[in-house]
Amino acid sequence: MKPEELNSFRKMLKLLQARLRGDVEQLQDEAFSTSESGGEQRSSNHMAEMGSDAWDLDFSLQLVESDQGVLEEISHALKKVDEGTYGLCELCLQQGLPETKAKIPKTRLQAIPHARNCVDCERKKEMGL
Ligand SMILES: [Zn+2]
């Protein structure tokens, strides 16, 4: 991959990382503030009986968790940029393919800049092979 291409992917990853970090913080704020601020607009006693306050909280925390997973993937990808292995499929490399054959297509990286594997390997992984 050309240095300028690598640079633009690094920028994309940083941008995504910053955006997700902002979102995560915001979601956590929302999740932890519902018990205090939620009572005014809606009837909190009624909602508590329905159990939906608890459900809202669970749901928000789940979102936080999945964002956190993506954040880990992004910092992993940024590490690969620094190590010079960005854009290479990890599973192909594990199988002993040379770097020239282990490339993740750029169109895939543009869609998922933190992708670890090429499409074939990702499919195999999802099928548990
Ligand atoms: Zn692969």
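The values are calculated or read from the model by the stated rules, or taken from the named source; none is laboratory data. Values in this document were obtained by computation on a predicted structure and should not be read as measured data. Cβ placement follows ideal geometry from the backbone for every residue including glycine, while neighbour counts extend to all protein chains displayed.
Results, tabulated for the structure shown:
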{"item": "Looking only at the stretch 92-121, and only at residues there that are aliphatic (A, V, I, L, M) and either near the ligand (Cβ under 9 Å from one of its atoms) or in a loop (DSSP other than H, G, I, E, B) (or both), the one that is farthest from Met12 (Cα to Cα)", "result": "Leu97"}
{"item": "Leading residue by the ranking (surrounded by the fewest Cβ atoms within 10 Å (Cβ to Cβ)) among those in the stretch 81-91 that are within 14 Å of the ligand (Cβ to nearest atom) and closer than 24 Å to Asn7 by Cβ", "result": "Thr85"}
{"item": "Test: residue in the stretch 13-32 that is modelled with pLDDT under 90, part of a helix (DSSP H, G or I) and within 28 Å of Leu129 (Cα to Cα)", "result": "no"}
{"item": "Tabulated pairs, the stretch 94-110, first not assigned by TED's automatic domain parsing to the domain that holds Lys11 and surrounded by 15 or more Cβ atoms within 10 Å (Cβ to Cβ), second of a type in the set (Val, Ile, Thr) and assigned to a helix (DSSP H, G or I), C-beta under 7 angstrom, 6+ apart or interchain", "result": "Arg108/Val119"}
